[in-house]
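Undergrad: One structure follows; several queries about it will come next.
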Amino acid sequence: MTEHLDKLPFEDYCKTIFNKDALFDKPEALNGYRVLSCTQYILGPCAAAYLGELGAEVIKIEVPRLGEPMRHCSPYNETWFYPVSRWNPGRGTSPAFQGANHNEYFVTLDYRKPEAKEIFYNLVQKTDAMVWNYRPGTFDRWKIGYGACKEVNPRIVLAWCGGFGGFGPGRNWASYDILGQAKGGVFSFTGHRAGRASAGFPSKHTTWIMDYSIGMLVSTAMLGGLYWRDTVSGLGNYFECSQVQGSTRYTEYALPLWGRSGIVRMRWGNWDTEICVNGICACGLTSYPHSDHPAEKEEGYICVQAYTDEDFANLMNLIGRPDLGKKYASHDDRVEARAQEEIYPAIEEFLKDKTKEEANRIFSGAGIISQPLLTVLEAANCDHFLERGSLGWYDDPYYGDVFTQKVIYKMSESPPRLKHVHRPVGCDNEEIYQRVCGLSSDQIREMEAKEVI
């Protein structure tokens, strides 16, 4: 088999060893590891869910009956993924919940009640790793912090992730994605450049990208803690991650630039400060002239790249501006702000009577790198994403057909996978509390009646 694979062209080799239809025929990298997710919203939940993609058994603990707030804080939760739980048949779960809570078991537990502590410690004793993102010190006030967990299970790897961290002047401040972007300096150079109609107004990323990306850093740290425990020390680890400080990781070269030269990086819109041409240009026509949908009625946009001197001259000739090709023949000349202020409007003048698809055909035909900006609908029907299995339909056992993101990275021998999008609140109380904690059905019913679980 190996000899056969070695003779395949690289594309066929990749298709074979990363076959998306054979994911469930292979073992999982983290099979046998158990993770407790004592989390809410995005940052903490996705850190645990990423480990679930790799095969860890992730148990999410939520507030009894209603679940965590993220189930209820974005549109369409009353009509999508209904019901939220058997106790609340008239309430639904938001589709935003699934992006950070897939592949998990869902149990309920009221940490504050005395009866709940015994159940919680029972879970901790049989758990490899835990992540929480309640406000700093909350679990310590409830007498279930790291010190208490460590006594029960010295091998536990515990991650606390929150807004400003567990110490420092801002330790008691709450945070969320947009605040993290603002505090970390990311906003300072995102948005329209000064001088346009918006006068340099900053712009946030529409999705909770800071939470998702920093959640990935937390899961990476948890893997490091597990490796250190299992191969070096035999002991657990406790660490914390500040979402706000984490956002500084995405300021790129802005901090060393200031430290070295005193230059403060500012907003420059959809154009590149280091490469020209490398930016987003507006096309004048919509791709869907007969559509009433706002996303389709809007004119299109296209990313254009022609930063070598040869490609730039080619581009300027193509749009009928060879004078600019000669004026800014050197990259050092055209990357200057004043040059870009002249170059990009000239490109948009050429595009004013074209759709993004027409523009892409023209650019590609001339050997210019370009990429139309896709809407979500267009991305959902993109052959590249569908063939690779990073997007697609999933027949969830609870909710039926769901179109969703799947795992984007590939592993040949122990591939990650999507098992389910999410489940109702307390859906797995019986299985987890019986299988892991040894509770009987009568004990579970009694705890539910008291709203302990």
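Undergrad: Picking from 357, 310, 348, which residue would you name as being open to solvent by 40 Å² or more (accessible area, probe 1.4 Å), without any contact (Cβ under 8 Å) to a residue 40 or more places away in the chain and acidic (Asp, Glu)?
TA: One residue alone meets the criteria, 310.
Undergrad: Being modelled with pLDDT of 95 or more and open to solvent by less than 70 Å² (accessible area, probe 1.4 Å) narrows it down to one residue among 225, 269; which is it?
TA: Criteria check complete, one pass: 225.
Undergrad: Could you check, for segment 365-374, whether at least one of its residues is among the hydrophobic types (A, V, I, L, M, F, W, C), over 25 Å from residue 298 (Cβ atoms) and modelled with pLDDT of 95 or more?
TA: yes
Undergrad: Can I ask one more? Are any residues in segment 80-116 under 21 Å from residue 444 (Cα atoms) and buried (at least 23 other Cβ atoms within 10 Å of the Cβ), and if so, which ones?
TA: 84, 104, 106, 107, 108, 109 - these are the residues of segment 80-116 that are under 21 Å from residue 444 (Cα atoms) and buried (at least 23 other Cβ atoms within 10 Å of the Cβ).
Undergrad: Quickly run through segment 237-264 and pick out the residues that are open to solvent by less than 40 Å² (accessible area, probe 1.4 Å) and either closer than 17 Å to residue 30 by Cα or in contact with a Phe, Trp or Tyr (Cβ under 6 Å, 6 or more places away or on another chain) (or both).
TA: Within segment 237-264, 242, 244 qualify.
Undergrad: Would you point out the residue of segment 157-186, among those that are open to solvent by less than 40 Å² (accessible area, probe 1.4 Å) and hydrophobic (A, V, I, L, M, F, W, C), that is modelled with the lowest pLDDT?
TA: This residue is 164.
Undergrad: Right, next: When residues of segment 251-295 are filtered for being under 30 Å from residue 361 (Cβ atoms), of a type in the set (Gly, Ala, Ser) and free of Cβ contacts under 8 Å to residues at least 24 places away in the same chain, how many remain?
TA: The total comes to 1.
Undergrad: Looking at 175, 203 in this structure, which one is touching a strand residue (DSSP E or B) at 6+ places or on another chain (Cβ under 9 Å) and either farther than 30 Å from residue 281 by Cβ or touching a residue at least 24 places away in the same chain (Cβ under 8 Å) (or both)?
TA: When all the criteria are applied, what remains is 175.
Undergrad: Condition first: open to solvent by less than 50 Å² (accessible area, probe 1.4 Å) and part of a helix (DSSP H, G or I). Now tell me which residues in segment 6-47 satisfy that.
TA: If the condition is that a residue be open to solvent by less than 50 Å² (accessible area, probe 1.4 Å) and part of a helix (DSSP H, G or I), then 14, 17, 22, 23, 43, 44, 45, 46, 47 are the ones that fit.
Undergrad: Looking only at segment 392-410, filter to residues that are open to solvent by 70 Å² or more (accessible area, probe 1.4 Å) and in contact (Cβ under 8 Å) with a residue 24 or more places away in the chain; which one of those is farthest from the chain's Cα centre (by Cα)?
TA: The residue in question is 398.
Undergrad: Among residues belonging to segment 411-453 that are in a loop (DSSP other than H, G, I, E, B) and among the small types (Gly, Ala, Ser), point out the one that is farthest from the chain's Cα centre (by Cα).
TA: In this case the residue turns out to be 440.
Undergrad: Let me ask you something else. Suppose we keep only residues that are of a type in the set (A, V, I, L, M, F, W, C), modelled with pLDDT of 95 or more and outside any loop (DSSP other than H, G, I, E, B) within segment 48-76. Which one would you say is surrounded by the most Cβ atoms within 10 Å (Cβ to Cβ)?
TA: 48
Undergrad: Would segment 276-283 turn up any residue that is open to solvent by 40 Å² or more (accessible area, probe 1.4 Å) and under 30 Å from residue 376 (Cβ atoms)?
TA: yes
Undergrad: Scan segment 143-158 residue by residue and report those that are part of a helix (DSSP H, G or I) and touching a residue at least 60 places away in the same chain (Cβ under 8 Å).
TA: Those that are part of a helix (DSSP H, G or I) and touching a residue at least 60 places away in the same chain (Cβ under 8 Å): 146, 150.
Undergrad: Hey, any hits in segment 387-402 for a residue that's modelled with pLDDT under 95, in a loop (DSSP other than H, G, I, E, B) and among the acidic types (Asp, Glu)?
TA: no
The values are calculated or read from the model by the stated rules, or taken from the named source; none is laboratory data. Given the structure is predicted, the values throughout are model-derived calculations rather than measurements. Neighbour counts are summed over all protein chains in view; Cβ atoms, including those assigned to glycine, are modelled from backbone coordinates with ideal geometry. Just the protein is used for accessible areas: all its heavy atoms, side chains included, with ligands, DNA and RNA removed. Shrake-Rupley method; radii C 1.70, N 1.55, O 1.52, S 1.80 Å.
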